Amino acid sequence: MSLLDIKIGKSVKIVGFEGGKGLKTKMTRYGLYPGDIARLLRVAPFHGPVLIEVSGREIALGRGVAANVQVESI
Amino acid sequence: MRIALIGQPNCGKSTLFNQVAGYKAETGNFHGTTVTFTESKIRVAGEVVELVDLPGTYTLSGTNPAEAVAQEYLASRAVDIIINVMDASHLAQGLELTLELLPLNKPLILALNMMDEASRLGMKINGPALQEKLGVAVLPLIASKGRGIQNLFVTAKNAAHKGDALHPSDSLQPRDAIHRHSLADELARAIVVQGERHLTWRDRIDDLLLHPVWGYFALLAIMAVFFEIVYGLGSALERPVLTLFDQFSVYLTQHIGISTFWAELLNGLLQGISGGVAIVLPYLIPFLVGLGLMEDIGYLPRIAFLMDGLMHRLGLHGKAIVPFILGYGCNVPAVMSTRILEERQDRFIAAALAVLVPCAARLSVVFGLVAFYIGPLWALGIYLFNILIIALSGRILAYLLPEDTPGLILEMPTYRVPTLRAVVNKAWFRIREFTVEAWPLLIFGSIALSILNYFHVSGIFNMVVRPITWALDLPSEVGVPLIFGVLRKELSLVMLRQAVGVTDFSAALTQIQMVTFSVFVVFYIPCLATLSALRRELGWKTMLAIAGFTVVVALIAALLVRGFGFLV
């Protein structure tokens, strides 16, 4: 299940990043690690990015990125 | 003694720096405003010390050029003490960088900035406990309001004099990045008590501004109001000031005569001065104040969030949004901000597109010519046309240079109430740049044109670019303004007045010629300062390639306008 498969307002646990080492490096650079709890706040229209909240910070992730963030329900 | 400010993006380092050093570093409520270091001498309790503001960095092992600046500075310069600034409302994130700084064994103190924001969020932070755990001084700070600054620097100075090396305990030395992440999280949990959170307008406003439908209406409304204010104030000033200068000019010619060398020279000087006062500044000032306000409130990243989907569809790179937005102020910081991108190819595309964004200087051409003589809606049309052309160019570049882009990752800053002082200082900082660097060039250019006219050699310049002016159906006299426009974009307009020999453009150019001219000016070769920024960031070859690319884009765009003109 990826970040694109959950409903707005739902909290999930990030379990991993797909799509090569590049994305993982980028996500950890922004302080996002497997094990973090993310809440989906908003989804922009026109196939736009998603907005998640992780420990009080709001981070926008483009569709391509969000599709590669693997999550599980908590 | 040298004190270095380091911290994660958008934690307020530059705000702190500007509070003590005067406005020298650009600030804004979004991530990655500072991409290079700024140094200044400041006085702390009677002692002069060197203070350096480093670009925001999430981690010391980061890979983009802005982060490399911070790492190299810490490694190569003699820094006596590091002030680690962090956003108190995002402690867990900030402490990750602290855990990387501890093993450097340099004197270090922590400044917990934005304490007001943290308490608004209901967080109670136990500073002494953190001090105990880390073994370094921890001080509260509200940099934007100037609170805690004095105490911070005096403490820093004293700690630097003592020069105690740190000996972080083993429990503070994480094995790897993941361990560091969880360690920082544990530390933050141990010292923060989360109380009741007071919801305010700041927490609600995104329900409107980022709404899937209303968000776009709000965006349009905000842009329309912004545009209307810039145009309203600008044209209200342009008219009377221009009339005043014209009367003065008529008075002079009556008393000195027209054809003498000195009269020509004086006329050139006057044109240069009046161009600055009457045409450029009236639009520049409201534009820069408005842009500064939107930057400090934190609205710009919201535009990125709303527009990313559309821009992607049109082929534009998602993360190129920061250089793109900065470009509306000035292309130079826009080109520099491409440093926040990791891949060289991304930087190339972002820079090539950012220089097509009409900066404040080109804004004065669009407003002073098109909005003033034809109407504000036409100016708005040029801006929209510009976005369309940039999107198409982006699509073509992305096609020619295929890459797998990871897409947008952008931190959404909390809305902040801008302080009057910061907005005024920022606008003044940018206007001063115009008056000190650009205006003399405008005056010099006007005088140069007078001399060329007097000796009847401007025709040679006009011949050189005649193929372009001919293709665009423009009078050959606009050749000189176009050539000199490479020095500064405002010169195109200021010199145009002189070149066509009238103060009222509508007497010399048709409306469609005005639009064609403006569109060409908006797109073709960026100004000298931007070219040199391109050379610094990406090298000579890329600079030339981008300059050539812009000429092609400008020609195509202007030809489209000309063709459209034939139809109507």
Single match in B:ARG180, B:ARG175, B:ARG204 (criterion: in contact (Cβ under 8 Å) with a residue 24 or more places away in the chain and among the basic types (Lys, Arg)): B:ARG180
Residues being outside any helix (DSSP H, G or I), touching a residue at least 12 places away in the same chain (Cβ under 8 Å) and closer than 21 Å to B:ILE229 by Cα: count how many of those fall in the stretch B:356-395. 4
Residues of the stretch B:57-72 being modelled with pLDDT of 80 or more and in a loop (DSSP other than H, G, I, E, B), which ones? B:THR57, B:TYR58, B:THR59, B:LEU60
Restricting the stretch A:7-48 to residues that are assigned to a strand (DSSP E or B) and in contact with a Phe, Trp or Tyr (Cβ under 9 Å, 6 or more places away or on another chain), the one nearest to the other protein chains (Cβ to nearest Cβ) turns out to be A:ARG42
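Anything in the stretch A:49-74 that is more than 7 Å from every other protein chain (Cβ to nearest Cβ) and assigned to a strand (DSSP E or B)? List them, or say none.
Filtering the stretch A:49-74 down to residues more than 7 Å from every other protein chain (Cβ to nearest Cβ) leaves A:50, A:52-54, A:66-74.
Scanning the stretch A:49-74 gives A:VAL50, A:ILE52, A:GLU53, A:VAL54, A:VAL69, A:GLN70, A:VAL71, A:GLU72, A:SER73.
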When you look at A:ARG57, is it of a type in the set (D, E, K, R), touching a Ser or Thr at 6+ places or on another chain (Cβ under 6 Å) and closer than 21 Å to B:ARG302 by Cα, yes or no? no
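Check the stretch B:345-355 and report whether any residue there is of a type in the set (Val, Ile, Thr), part of a loop (DSSP other than H, G, I, E, B) and either crowded, with 24+ Cβ neighbours inside 10 Å or at pLDDT below 85 (or both). Spell out the reasoning first.
Taking the stretch B:345-355 and keeping what is of a type in the set (Val, Ile, Thr), we get B:349, B:355.
Checking the rest, the ones that are also part of a loop (DSSP other than H, G, I, E, B) come to B:355.
Restricting the remaining residues to those that are either crowded, with 24+ Cβ neighbours inside 10 Å or at pLDDT below 85 (or both) gives B:355.
For the stretch B:345-355, residues of a type in the set (Val, Ile, Thr), part of a loop (DSSP other than H, G, I, E, B) and either crowded, with 24+ Cβ neighbours inside 10 Å or at pLDDT below 85 (or both): present.
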Here the residues within the stretch B:130-149 that are farther than 14 Å from B:LEU95 by Cα and out of contact with any strand residue (DSSP E or B) (no Cβ under 6 Å at 6 or more places or on another chain) are B:GLU132, B:ILE142, B:SER144, B:LYS145, B:GLY146, B:ARG147, B:ILE149
Counting only residues that are crowded, with 23+ Cβ neighbours inside 10 Å and within 13 Å of another protein chain (Cβ to nearest Cβ), how many does the stretch B:108-134 have? 1
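May I ask you to say which residue of B:SER393, B:SER364 is hydroxyl-bearing (Ser, Thr, Tyr), farther than 25 Å from B:LEU237 by Cα and buried (at least 23 other Cβ atoms within 10 Å of the Cβ)? Talk me through it step by step, then tell me what you get.
Values: B:SER364 fails: farther than 25 Å from B:LEU237 by Cα.
Result of the check over B:SER393, B:SER364: B:SER393.
Please find, among A:ALA44, A:ALA67, A:ALA60, the residue that is surrounded by fewer than 22 Cβ atoms within 10 Å (Cβ to Cβ), under 25 Å from B:MET311 (Cα atoms) and out of contact with any Cys (no Cβ under 6 Å at 6 or more places or on another chain). Step through it out loud before you land on a result.
Numbers: A:ALA44 fails: surrounded by fewer than 22 Cβ atoms within 10 Å (Cβ to Cβ); A:ALA60 fails: surrounded by fewer than 22 Cβ atoms within 10 Å (Cβ to Cβ).
Matching residue, one of A:ALA44, A:ALA67, A:ALA60: A:ALA67.
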Subset of the stretch B:35-88 (residues that are over 23 Å from A:LYS26 (Cα atoms) and within 14 Å of chain A (Cβ to nearest Cβ)): B:ALA88
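Which residues, counting only those in the stretch B:156-188, are within 20 Å of B:GLU50 (Cβ to Cβ) and surrounded by 17 or more Cβ atoms within 10 Å (Cβ to Cβ)? Break it down stepwise before answering.
So in the stretch B:156-188, the residues within 20 Å of B:GLU50 (Cβ to Cβ) come out as B:156-163.
Correct list: B:ALA156, B:LYS157, B:ALA159, B:ALA160.
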Filter the stretch B:89-107 for residues that are within 30 Å of B:ARG347 (Cα to Cα) and within 11 Å of chain A (Cβ to nearest Cβ) and give the result. B:HIS90, B:GLN93, B:GLY94, B:LEU95, B:GLU96, B:LEU97
Take the conditions β-branched (Val, Ile, Thr) and over 19 Å from B:LEU99 (Cβ atoms) and apply them to B:VAL44. Does it pass? yes
Go through the residues of the stretch B:173-187 one by one and say whether even a single one is at pLDDT below 90, touching a Pro at 6+ places or on another chain (Cβ under 9 Å) and away from every other protein chain (no Cβ under 12 Å). yes
Looking only at helices (runs of 4 or more DSSP H) that lie completely in the stretch B:252-319, which have at least 3 residues being modelled with pLDDT of 80 or more and within 14 Å of chain A (Cβ to nearest Cβ)? B:300-313
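Determine, yes or no, whether B:LEU208 is exposed (fewer than 14 other Cβ atoms within 10 Å of the Cβ) and out of contact with any helix residue (DSSP H, G or I) (no Cβ under 8 Å at 6 or more places or on another chain). Working first, answer last.
Working: exposed (fewer than 14 other Cβ atoms within 10 Å of the Cβ): yes; out of contact with any helix residue (DSSP H, G or I) (no Cβ under 8 Å at 6 or more places or on another chain): no.
No, not satisfied.
Could you tell me how many of the residues in the stretch B:88-107 are outside any helix (DSSP H, G or I) and surrounded by 24 or more Cβ atoms within 10 Å (Cβ to Cβ)? Explain how you work it out, then say what you get.
Initial filter on the stretch B:88-107 (outside any helix (DSSP H, G or I)): B:105-107.
Cutting the leftovers down to surrounded by 24 or more Cβ atoms within 10 Å (Cβ to Cβ) gives us none.
Qualifying residue count, the stretch B:88-107: 0.
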Residues of the stretch B:296-312 that turn out to be under 19 Å from the mean Cα position of the chain (by Cα), of a type in the set (A, V, I, L, M, F, W, C) and surrounded by fewer than 23 Cβ atoms within 10 Å (Cβ to Cβ), as a count: 3
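The values are calculated or read from the model by the stated rules, or taken from the named source; none is laboratory data. Bear in mind the structure is a predicted one, so any value in this text is a computation, not a measurement. With ideal geometry, Cβ positions are generated from the backbone for all residues, glycine too; neighbour counts draw on all protein chains shown.
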